[in-house]
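The values are calculated or read from the model by the stated rules, or taken from the named source; none is laboratory data. Since this is a predicted model, take the numbers as computed values, not measurements. As a convention, Cβ positions derive from the backbone with ideal geometry for all residues, glycine included, and neighbour counts pool all protein chains shown.
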Amino acid sequence: MTPSQSPVRVFVRQPFTESGDLEKQIIQGVLDVLGSLPADVLTGLEAQSQETFRQSFERNTGLPFTPQNFRLVRLSMLAAADAMIVIRTSLSESGAFEAAYNVFGGRQVPMFFAVWKNAPIKTTLLRELDEFCEAEYVTFEHPEELREPLTRFLNSATRLADLAP
């Protein structure tokens, strides 16, 4: 990255309602790796769980947590992103919604699926999205395993963002 380039703007999707303490630890590990790389993480670098995400949303936005407010804020962040990273530690219907929005209603930014080995993607419609946008899938056991693939992905996303009008 040259000094004149800004870090790539990244939207991170982590499961909220299906995340307990173990999942939160795994997610935080991935976010720690991401935080050490040249990226502007629009969604923040703090792992959330079913116990914390609503309060965190209200604290960070000043808005009451409602489905409408949550959707508005999340989709506006996704609209501003150059890349999307999906951290999969459990099933996330909202994550599938945001991925589908990116592909069919959004800017079709490149997507990186960090799939924890204990939470494989079983939904056929989330697999092989390359026909719509750049999509990479990496299965991991330990978050540090993602350092090299995330670095490559962010470099590629930076190049694509620099070419965008």
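Summary table below
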read-out: Residue within the stretch 47-56 that is charged (D, E, K, R) and either at pLDDT below 95 or more than 22 Å from ARG159 (Cα to Cα) (or both) present; value: yes
read-out: Qualifying residue in the stretch 154-162 (condition: surrounded by 17 or more Cβ atoms within 10 Å (Cβ to Cβ), within 26 Å of SER19 (Cα to Cα) and at pLDDT 95 or above); value: yes
read-out: Residues (part of a helix (DSSP H, G or I), more than 17 Å from the chain's Cα centre (by Cα) and either at positive phi or not β-branched (Val, Ile, Thr) (or both)) located in the stretch 116-129; value: LEU125
read-out: Residue within the stretch 71-89 that is at pLDDT below 95, under 21 Å from LEU150 (Cα atoms) and not in a loop (DSSP other than H, G, I, E, B) present; value: yes
read-out: Cβ-Cβ under 7 Å pairs, at least 6 apart or on other chains, the stretch 118-133 side touching a residue at least 24 places away in the same chain (Cβ under 8 Å), far side part of a helix (DSSP H, G or I) and β-branched (Val, Ile, Thr); value: LEU129/VAL103; PHE132/VAL103; CYS133/VAL103
read-out: Considering residues of the stretch 90-117 that are in contact (Cβ under 8 Å) with a residue 40 or more places away in the chain and within 20 Å of GLY29 (Cα to Cα) only, the residue surrounded by the fewest Cβ atoms within 10 Å (Cβ to Cβ); value: LEU91
read-out: Residue satisfying all of: in the stretch 70-89; surrounded by fewer than 21 Cβ atoms within 10 Å (Cβ to Cβ) and touching a residue at least 12 places away in the same chain (Cβ under 8 Å); farthest from PHE11 (Cα to Cα) among these; value: PHE70
read-out: Every residue from the stretch 99-119 that is over 13 Å from ALA83 (Cβ atoms) and either touching a Lys or Arg at 6+ places or on another chain (Cβ under 8 Å) or of a type in the set (A, V, I, L, M, F, W, C) (or both); value: ALA100, VAL103, PHE104, VAL115, TRP116, ALA119
